[in-house]
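Novice: Here it is, the structure, as structure tokens.
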Amino acid sequence: MAREIRRLTIDDYNEIIRIWADAGLPYKPRGRDSSEMMAKEMQHPTSAFFGLFEDGRMIGVGIANFDGRRGWINRVATDPDHRGSGFAWLIIEACETFLREAGAVVICTLIEEMNTPSMACFEKAGYSCEEPIMYWTKRPSPDA
């Protein structure tokens, strides 16, 4: 089976959404996950969307963002039929490479408390949980 990881473009939007939906990852198609917003983010030099493909079919996705201080890995998801195969690690590695090249020394991710598969994946990839941290947000709308 031929596998490849590549940077995604807005032409991959429907497949990204499919992976997120199939993996049970919530998304906001009327807000930050709309094709318009994602197209803008994909054009930004400090962001990269990566897709993992097997025989030409997307089976995983992840997003890397560098804020100038820290690197962030977001929205990593794999097709449920391919879970447990180590494919998420390949996406994480692609994100880490991008972030290190951008200048990130510290690389972080945020995982919702009930998402134990993601926690296990990132722990196996060498990440540790900084439990006393609380995430605070201010949004213009629930879809932001």
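Novice: Within the set of pairs 6 or more residues apart or between chains, which connect a residue that is closer than 24 Å to G84 by Cα inside region 120-136 to a residue that is aliphatic (A, V, I, L, M) with Cβ atoms less than 7 Å apart?
Specialist: Close Cβ pairs satisfying both conditions: C121/A88; F122/I111; A125/I92.
Novice: Let me ask another. When the residues of region 100-144 are narrowed to those that are in a helix (DSSP H, G or I) and acidic (D, E), which ends up modelled with the lowest pLDDT? Please lay out each step first, then the result.
Specialist: We begin by selecting, within region 100-144, every residue in a helix (DSSP H, G or I); these are 100-102, 116-124.
When the remaining residues are screened for being acidic (D, E), the result is 101, 123.
On the way: E101: 97, E123: 94.
Among those that are in a helix (DSSP H, G or I) and acidic (D, E), it is E123.
Novice: Restricting region 108-120 to residues that are surrounded by 15 or more Cβ atoms within 10 Å (Cβ to Cβ) and under 13 Å from the mean Cα position of the chain (by Cα), which is nearest to R70 (Cα to Cα)?
Specialist: It comes out as C108.
Novice: Give I17, I5, I10 a once-over and let me know the one that is modelled with pLDDT of 95 or more, surrounded by 13 or more Cβ atoms within 10 Å (Cβ to Cβ), within 16 Å of A88 (Cβ to Cβ) and β-branched (V, I, T).
Specialist: I5
Novice: Any residue in region 56-74 that is of a type outside the set (S, T, N, Q), more than 14 Å from the chain's Cα centre (by Cα), under 21 Å from A21 (Cα atoms) and modelled with pLDDT of 90 or more? Reasoning before the result, please.
Specialist: Step one: filter region 56-74 for residues of a type outside the set (S, T, N, Q), giving 56-64, 66-73.
Those still in the list that are more than 14 Å from the chain's Cα centre (by Cα) too: 56-57, 67-70.
Retained after the next criterion (residues that are under 21 Å from A21 (Cα atoms)): 56-57.
Within this subset, residues satisfying the condition of being modelled with pLDDT of 90 or more are 56-57.
Yes: one or more hits.
The values are calculated or read from the model by the stated rules, or taken from the named source; none is laboratory data. None of the values given here were measured: they were computed from a predicted structure. Cβ atoms come from the backbone with ideal geometry, glycine included; neighbour counts cover every protein chain shown.
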